[in-house]
Every structure is written in structure tokens, then in C-alpha cells.
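Notes follow once the structure below has been shown.
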Amino acid sequence: MKKKLTAFIVLYLVFSVPVAIQAEEKNTWEDEIIYFIMIDRFNNGDASNDFEVDINDPAAYHGGDFQGIIDKLDYIKEMGFTAIWLTPIVKNEPKGYHGYWTEDFYEVEEHFGTLEEFKTLVEKAHEKDIKIILDLVVNHTGYQHPWLNDSEKQDWFHEEQSIISWDNQKNVEDGRLAGLPDLAQENPETRKYLLDMAKWWIEETDIDGYRLDTVKHVPKDFWEEFSQEVKSVKEDFFLIGEVWHSDPTYVADYAKTGIDSFVDYPFFNEATRIFSKPDQQIGKFMDGIWKRNVSLYENPYILGNFIDNHDNKRFTRLVIEKDQEPVSRLRQALTYMYTAPGIPIIYYGTEIAMDGGNDPDNRRMMEFEDHELTTYISKLADIRNKHSALTSGDVELVYDQNGMTVFKRSSEGEQLLVAINNTTEEQTITLSHEVLEEGHELQALLGEESVTGQSDGYTFTIPSEKSEIYQIKSGNEQTIALPWMIAGATVILVAGVIFILLRKKR
Ligand SMILES: [Ca+2]
Ligand SMILES: [Ca+2]
């Protein structure tokens, strides 16, 4: 009996320790890759909610809904996404296909489906380890919100005034954005309503985060209370805010309110300029953005990097306007986004190089097709998801000449080199042993060719407008990865224990 107990304890320890180590590794938001969907424009999975749909009118509903997203969860998962950001789901006034014209903060928009269907969407996404981030608007209501005609709700809004002075913070906060009725968050009743509402959606639907709309149009003291309140509802709840401003210090100032992350507009401005045509220097500028973020944010690794969204011309259009070829330009921009620090946010359609001018042309209905970029994104995601050096490692710029950039990402236990050739000519470069010491091998992760060191360093060639990601391996090893080593050791241990027990029994 005692022997059996000992055997049980030994076996339990052998099997449980690796599991426990794994369980302790909490998933942090820097490991996510976000797919951003405008619900109405993604996939029509249910014709029964197609009220007044007109796919020929860019300002009308096009029919996309929750069921359409549920039907495409495998498509999203296969591209390597771990989270989805959805445009607002609350009931909107007529023509509010985008979701930003609230008519009722507690109702689901009938074009998208029911509350139950939304819960099913969250549940099915969670089953596939995909998180759901919901867009939330607390700055304004739709133009015809019922409160506007309610005598008891008159002090829920600011007095009607336009935003005329964008440098005047008071005017930016109290004025009407695009003429939309501006809510008075300083009114305790309004404030409580908005806070309760934000908490209710989390409790009711189990979403994992909010993308906060128009953050700079709402006072900071509201966001302070908001962050505290909503985070008390669900552990690790994520807040990513939109502060549409080109000054990084202005954006970063909102991090003091408790909002975890921001869609990084300063990144967007530089990245779209650098990658929308060839021969632009990458390293100097993008490294500058990163270093500034390091100095401004407690955790710059969770900022949201993007080159496309629903408020700006699509990247493809920028490229076309510069007489360039969208797919090769997108490939370079995406390689950078997936290998640089920061959460990549991909707007639906970018994976097929979708074209589109200013809003609403940048919100065309999604077309599902086989596309080389979809395959490429999946490959990039696979590499990012497997290498923590890319999500949380240090960044070191090691080469940066005329559009050819090489940077190193290092975390405990692994080092990667990212080489991006942003020029239209093949580039051969040599990294000296001062940059990378002798005795390593550079194992290609995107392509197949590996590089071994020579006496003068490591020489490799990157074709025009292509990239490579190398894993730096020291010569004598390491092709056996850690999990296999643990698995091997476990098997040997278990076999040993069983052998000893059997012998003792005899
Ligand atoms: Ca529909
Ligand atoms: Ca406001």
C-alpha cells in the first residue's frame, strides 16, 4: 500500500510539474494579434435581418452580422489572429451601419442579430482561444437620440457648440464632434449611467476588452473612474483607446487614466509614409517611434500598431496613388508590424489588399478569396505566435542603409534577426562579428536558406522588396527545442520509476 502511494506521488509530481509551469504563464496582451471587423461590412450570415440593406449605397447597411462572423471564425483563426475588435454593437439610429450613432446603449442593433446571438459569438470565439474586444462610444449619442426630447435629460448633454479650436481642450471635450450630441460626463447621473452600462456589457456577454472611441473628447477624470470600474468586473480586462493625435506625448498622457493601450497614431503616420513606396529608410524612423514609446509608456509592448483602419484611406489606396504595387508594399509593412514590438491590428480586407478611399469607401464589403497576402499573414502570425522575442523582446537596430534595415529582437533564451529590404534592388549585406559573434547559424523562418558565419561575418542576400526573419542559433545545438527536452526527460523519469517499482515488487 505504501509503495503504491509512493508510486502515485512520484508519478503525480512527474506529470504535474510541467503542467503547473505552463499554467503559471499567464497570457499577456502583448501576445495578441487583433483582427478588426466592421460588422456590417464583413459577412452576411443571416438574410432574415437584412432590413433596408442596399449594397450599392456606401452609406447604407450591407448585411453583415454576428452569424457571418461566427461562420468565419475558422478563417480568422487560421490566419493566426488571437483577438477580434468589433465596431459597436448597440442599437443605432437609421443609417448607423458603422455603429457610432447610438440610439439605445442597452440594446443590440437588430441588423447584427440578437443579444443571444452575440453571446454565442463570444462563446464560440472563446472556444477557439480568440478574445473579443468591443468598440464603445461614451462621448456622444446619435443625432436623434430620444433623450434629446426628454425634458429630464436636457442636462445630460453639453450646450450645442461646434469644435472650432482643436488646440482648446475644453472645446474638444465639450463641443459636438461632427455635430453629434455631446454627453456631459461631469453630470453624476449621466456618468453613473455610462459606467453601469459599460460594466453591464462585460457581465452580460463576457467580452475581454473595450476599444474606446473618441477618448480625447471626454475628460480624463471620467476615464480614471471608468478604468477602475470596468477592470473590477473582469480580471485582465483590456482597454485600448483611440486618441487621434500626431503628438505622442499628448496620446501617452491618457495612459495615466488607467487605459492600458492606444491605437498608435504616431506609428500609423510613420509606417504608412515609409512603406507606401520603396527606398524609404525604415530603421531610423521606426526605431525613433519605438524609443519614444519606451520613454513614454510603462508597457509599450501592448500599444496597437496599424496601417489601416475605418477612418483613413486604405493603405492600398496610398500605394496606388504613389504609382506603386500594393501587394509588395503591404508585404513589407506587414513584416514590420509582425516583427516589431506592439500588437499588430489588421483591418479586415488588408489580407486581400482591399482598396478604398476615404470613409465610407474604405468600408467596402469583404470579399473572401484566396490571396497570397492571406497566406503571408498566416505565416507571419505563426512565427510571431511561436517566438516571444518578437512580442516582448528587446529591439536593437543593427543595419540601416537606404531602405535596407536589419534589427535584432532578443528575449531570454532566443534571438531573432529581422531583415527588411524596402528597396527595389537585391541587397547583400554582411553583419560583422562585432554585431553578431562567431559560431552561430542564422536559420531562416520565412524562407528556407540558412546562413553560416564566415571569417568576416554573416553574409546574406535579400531580394528586392522582400524580407527574412532569422533565428540565431549557436552552432552546437538547439535544434531540440525545450518542450521536447522536457518531454524526453519525463519519459526517461517515468520509465525509471516504473522499473524501480516493478523490481521492488518482486
Ligand atoms: Ca444579415
Ligand atoms: Ca465630449
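Since every read-out is calculated from the coordinates, none of them should be taken as a lab result. On a predicted model such as this, the values are computed, not experimentally measured, just so you know. All Cβ positions, glycine included, derive from the backbone under ideal geometry; neighbour counts span all protein chains shown.
Laid out as a table, the results:
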quantity: Translational diffusion coefficient (Stokes-Einstein; Kirkwood radius from C-alpha pairs) of segment 368-460 at 25 °C, 0.890 mPa s, in µm²/s; calculated: 167 µm²/s
quantity: For segment 207-343: Kirkwood Rh in Å [reciprocal of mean 1/r, alpha carbons]; calculated: 15.9 Å
quantity: Debye, to nearest 20: dipole size of the chain, +1 on Lys, Arg Cβ, -1 on Asp, Glu Cβ; calculated: 2660 debye
quantity: Debye log10 I(q)/I(0) at q = 0.11, 0.13 Å⁻¹ for segment 301-419, Cα point scatterers; calculated: -0.40, -0.56
quantity: Label-point gap, in nm, between E152 and S328 - each point 7 angstrom along Cα→Cβ; calculated: 6.6 nm
quantity: Whole-Å semi-axes of the ellipsoid equivalent to segment 96-253 (Cα gyration tensor, √5λ, descending); calculated: 27, 20, 15
quantity: Enclosed volume per residue, in Å³, of the convex hull spanned by Cα atoms of the chain; calculated: 188 Å³
quantity: Over segment 30-72, volume per residue of the alpha carbon convex hull, in Å³; calculated: 78 Å³
quantity: Three principal axis lengths of segment 170-239 [C-alpha, angstrom, descending]; calculated: 35, 22, 19
quantity: As computed over segment 333-387, the Cα convex hull volume per residue (Å³); calculated: 88 Å³
quantity: Listed residues Q415, P219, G357: farthest to the positive end of the dipole of the chain (Cβ charges); calculated: Q415
quantity: Kyte-Doolittle mean at least -0.5 and Cα axial length at least 20 Å: DSSP H helices in the chain; calculated: 2-24, 482-505
